[in-house]
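The values are calculated or read from the model by the stated rules, or taken from the named source; none is laboratory data. If you're wondering where the values come from, they're calculated on a predicted model, not measured in any experiment. Methodologically, a virtual Cβ is constructed for each residue, glycine included, from the backbone with ideal geometry; neighbour enumeration extends over all protein chains shown. Heavy atoms of the whole protein, side chains included, go into the accessibility calculation; ligands, DNA and RNA do not. Shrake-Rupley method; radii C 1.70, N 1.55, O 1.52, S 1.80 Å.
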Amino acid sequence: MLHRPRRLRRTPALRSLVREHRTPVDALVAPLFVVERDADAGPISSMPGVVRYTLAQCVEESKRLYALGVNAVLLFGIPAHKDAVASRNAADDGIVQRAIAAIEAAIPEMLTIADLCNCEYTDHGHCGLLDENGDVRNDETVALLATVARSYARAGVDIVAPSDMMDGRVGAIRRSLDEAGFTQVGIMAYSAKYSSAFYGPFREAAGSTPQFGDRRGYQMDPPNAREAMREIALDIEEGADIVMVKPALAYLDIVRSARDRFDTPIAVYNVSGEYAMMEAAFERGWLERERTIDELMASFTRAGADIIITYFAADYARRHGRGR
Ligand code: PBG
């Protein structure tokens with residue numbers, strides 16, 4: 001007998017009937033940049049279509065996203081003042097704290113996830129507190145993050161997302177939250193976060209480029225795969241509710257291995273550089289926008305991701321979400 005796999009590809013209805021994976025809009029998380037000083041708001045040149053919002057605009061954008069079917073935002077704050085010890089990060093009147101409270105008040109059903117890191121708040125641009133040699137001090141940074149997490153929790157955050165890659169931070173944050181009574185606040189850990197060139201545009205957006213050195217002493221080395229499984233296992237053991245692989249496109253093998261190995265929900269972060277290269281190609285007419293984005297989302301789901309953090313969230317939701 002001649003096998004004819006083409007039989008099931010003949011019409012849209014047939015293809016849809018046998019489709020193995022779908023990416024629902026409610027699996028998406030939209031990253032949002034919010035500025036403390038209105039003068040810092042505006043477009044980001046390396047990320048066409050992505051904007052640094054004022055507090056009021058950030059609430060409006062959250063409402064638009066929610067209306068489209070996107071149920072979660074990932075917040076990044078850009079403070080008015082940076083210093084060596086990230087003072088504005090743990091301030092209860094800090095920009096992320098205010099954004100969390102404002103979004104929760106305007107759209108109580110929206111999930112607020114706060115990126116938890118110091119690099120946007122330090123003048124040197126590193127993710128933690130430095131020692132006299134300019135190296136990041138692990139344990140002191142972890143203690144600071146645990147304090148910041150409580151401040152985000154007081155503002156009403158649903159989930160904190162530590163992205164610093166310090167050792168032991170998930171356990172410390174969990175303990176800190178629990179001791180303060182915030183047992184319901186979740187942790188989405190950037191578990192396998194690589195030291196990647198694909199974060200370039202984000203650093204323009206957040207003004208968080210390290211002023212000296214790089215992040216290779218704390219973020220993972222791109223050629224390592226087994227180490228990612230170890231990092232994920234540690235974070236789960238320390239109490240992470242959701243683990244993450246980042247970046248996405250060049251690391252889908254890691255997503256697949258993690259899916260096969262762990263039952264915890266897995267998030268993948270389709271990062272700024274991935275967005276920038278696609279947008280550049282769309283702008284030139286080199287790639288077809290809608291088909292490319294849909295194919296990209298399918299690849300994340302097929303690799304095993306449950307949650308997709310993407311700057312394309314609104315675009316995808318406009319075509320596939322509630323508001324379509
Ligand atoms: C903060 C952080 C970064 C990203 C998310 N959280 C930047 C970095 O580690 O340099 C990158 C997000 C993106 O590129 O879209 N540590």
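Brief remarks follow.
- From the list GLU120, GLU60, the lone residue that is over 18 Å from SER272 (Cβ atoms) and either at pLDDT 95 or above or not in a helix (DSSP H, G or I) (or both) is GLU60.
- In the set VAL170, VAL148, VAL157, only one residue is assigned to a loop (DSSP other than H, G, I, E, B), surrounded by 23 or more Cβ atoms within 10 Å (Cβ to Cβ) and aliphatic (A, V, I, L, M); that residue is VAL157.
- Looking only at residues in the range 93-104 that are under 22 Å from the mean Cα position of the chain (by Cα) and open to solvent by 40 Å² or more (accessible area, probe 1.4 Å), the one that is nearest to ILE307 (Cα to Cα) is ALA101.
- Residue check for ARG226: open to solvent by 20 Å² or more (accessible area, probe 1.4 Å) and either within 16 Å of the ligand (Cβ to nearest atom) or over 24 Å from GLY200 (Cβ atoms) (or both): yes
- Identity of the residue in the range 8-23, within 29 Å of ILE307 (Cβ to Cβ), assigned to a loop (DSSP other than H, G, I, E, B) and without any contact (Cβ under 8 Å) to a residue 60 or more places away in the chain, that ends up nearest to the chain's Cα centre (by Cα): ARG19
- For first residues located in the range 174-202 and part of a helix (DSSP H, G or I), partners that are of a type in the set (Asp, Glu) and lie 6+ apart or on another chain with Cβ distances below 7 Å form the pairs ARG174/GLU238; PHE198/GLU274.
- Look at (1) open to solvent by 70 Å² or more (accessible area, probe 1.4 Å); (2) farther than 18 Å from ALA205 by Cβ and you find that SER45 fails only one, number (2).
- LEU75 in a strand (DSSP E or B), open to solvent by less than 50 Å² (accessible area, probe 1.4 Å) and touching a residue at least 12 places away in the same chain (Cβ under 8 Å): yes
- Selection status of VAL18, aliphatic (A, V, I, L, M) and surrounded by 12 or more Cβ atoms within 10 Å (Cβ to Cβ): no
- Reported count of residues in the range 24-40, each being within 17 Å of the chain's Cα centre (by Cα), assigned to a helix (DSSP H, G or I) and among the small types (Gly, Ala, Ser), is 1.
- Only one of the numbered conditions (1) at pLDDT 95 or above; (2) over 30 Å from GLY207 (Cα atoms) is not met by MET1, and that is (1).
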